[in-house]
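Let me begin by presenting the structure, written as structure tokens, before commenting on it.
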Amino acid sequence: MATVLSDLAARDGVPVFATVPDFREWHRCDQESFVAIRRDAWQMPGRVTDYRFLDTFAEMGPVRAVVVADQVLRERVDCLVGVEFALTLRQLGWTLVKHVLEPMVAAVGGYRFDQEAFDAAYSRLEEGLLATRARLVEVVPLNAFTPTAGVEAVTLPDGLVLQAMSDRQVSAAIGYLAVPIAFAGGPNSVTVSRFHQ
């Protein structure tokens, strides 16, 4: 990453950050309005967005050799991952860009190597790649369900709870099309009735 950041600094100067549409997360504007945006997103130079970008650096050779030598890693990168009907190709180069390089550039605000930023990004990536268990949390929206005034939550048997969704849960429900939405003024702006939250 130190070599990559030095190359970016030499060829591109300083990183550019902007607000961009991002449909992975919806943010509340008011009680019923949500927008899909990400603030301060690094605008990657065109060459970085090529999944083979990191392979232009000699340092990737030893990285690939380590991955091939590791029984767990070689089964988790440069292969299809996910559930049966939603498999995606997890390419090593692009995975390193998205989960190490991009977070480092965002944390530092520039193209310079910072050991602390690297350690934080790399440890998250390594933990995810080497995980042996995944935790599944299921949220089931009950559309048009409104509790009695003054009641914040209703506890049911088996640890189930009925309550208003958090903004994060509403965001996920929008993304999974689990709540009725109405587009409001653009493709990245929606309205979700308070009765469906």
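The values are calculated or read from the model by the stated rules, or taken from the named source; none is laboratory data. Because the structure is a prediction, the values reported are computed rather than measured. When we count neighbours, we look across all protein chains shown, and the Cβ atoms used for this are built from the backbone with ideal geometry, even at glycine. These area figures cover heavy atoms from the full protein model, side chains too; ligands, DNA and RNA do not enter into them. Shrake-Rupley method; radii C 1.70, N 1.55, O 1.52, S 1.80 Å.
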| query | For volume of the Cα convex hull per residue in Å³, which listed value, [x] 123; [y] 133; [z] 171, comes from the coordinates shown? | reply | [z]
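Excluding G61 itself, what net charge comes from residues whose Cβ is under 15 Å from its Cβ, given Lys and Arg +1 and Asp and Glu -1?
-1
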| Neighbour-limited loop hits for chymotrypsin sites (Phe, Trp or Tyr not before Pro), the range 1-39 (at most 16 other Cβ within 10 Å; DSSP other than H, G, I, E, B) | F23
| query | From largest to smallest, what semi-axes in whole angstrom does the range 97-195 give when each is the square root of 5 times an eigenvalue of its alpha carbon gyration tensor? | reply | 37, 21, 12
| task | Can you tell me which of 126-137, 167-178 comes out highest on packing, and rank the rest after it, using the mean Cβ neighbours within 10 Å? | result | 167-178, 126-137
| Solvent-accessible area per residue for the chain (1.4 angstrom probe, square angstrom) | 66 Å²
| note | Tilt, helix 2-12 to longest principal axis of the chain (alpha-carbon atoms), in degrees rounded to tens, equals 90 degrees
| task | Report the GluC sites (Glu not before Pro) located in the range 62-122 that are in a DSSP loop and have at most 12 other Cβ atoms inside 10 Å of their Cβ, or state none. | result | E84
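Please give me the summed charge of the neighbours of D167: other residues whose Cβ is under 11 Å from its Cβ, Lys and Arg +1, Asp and Glu -1.
With Lys, Arg at +1 and Asp, Glu at -1, the neighbours total +1.
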| Mean separation of Cα contacts under 8 Å (6+ apart) over length of the chain, as relative contact order % | 25 percent
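Calculate, in nm to one decimal, what S166 and A144 gain on full extension: separation in residues at 0.36 nm each, minus their alpha carbon distance. Could you put the intermediate results ahead of the total?
On the way: separation 22, 0.36 × 22 = 7.92 nm, distance 1.58 nm.
Net length gain for the segment: 6.3 nm.
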| said: Full-extension gain between R52 and V67, please, as 0.36 nm times their residue separation minus the C-alpha to C-alpha distance. | reply: 3.8 nm
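Using Cα pairs closer than 8 Å and at least 6 residues apart in sequence, work out the relative contact order for the range 23-114, in percent.
Reported relative contact order: 21 percent.
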| task | Report the extension gain between C29 and A131 in nm, rounded to one decimal, defined as 0.36 nm multiplied by the number of residues separating them, less their alpha carbon distance. | result | 33.1 nm
| said: Compute the angle between helix 115-130 and the longest alpha-carbon principal axis of the chain, please, reported from 0 to 90 degrees and rounded to the nearest 10. | reply: 70 degrees
| field | Normalised contact order of the range 1-61, rounded percent, pairs of Cα under 8 Å and 6 or more residues apart | value | 30 percent
| message | Which of the three applies to the range 1-50, rounded, prolate or oblate, going by the alpha-carbon gyration tensor with a ≥ b ≥ c and a/c under 1.5 meaning rounded? | response | prolate
| DSSP-loop trypsin sites (Lys or Arg not before Pro) across the range 1-46, with at most 10 other Cβ within 10 angstrom | R24
| task | Please give, to one decimal in nm, the separation of the simple spin-label points placed at D22 and L87, each 7 Å out from Cα toward the Cβ. | result | 3.0 nm
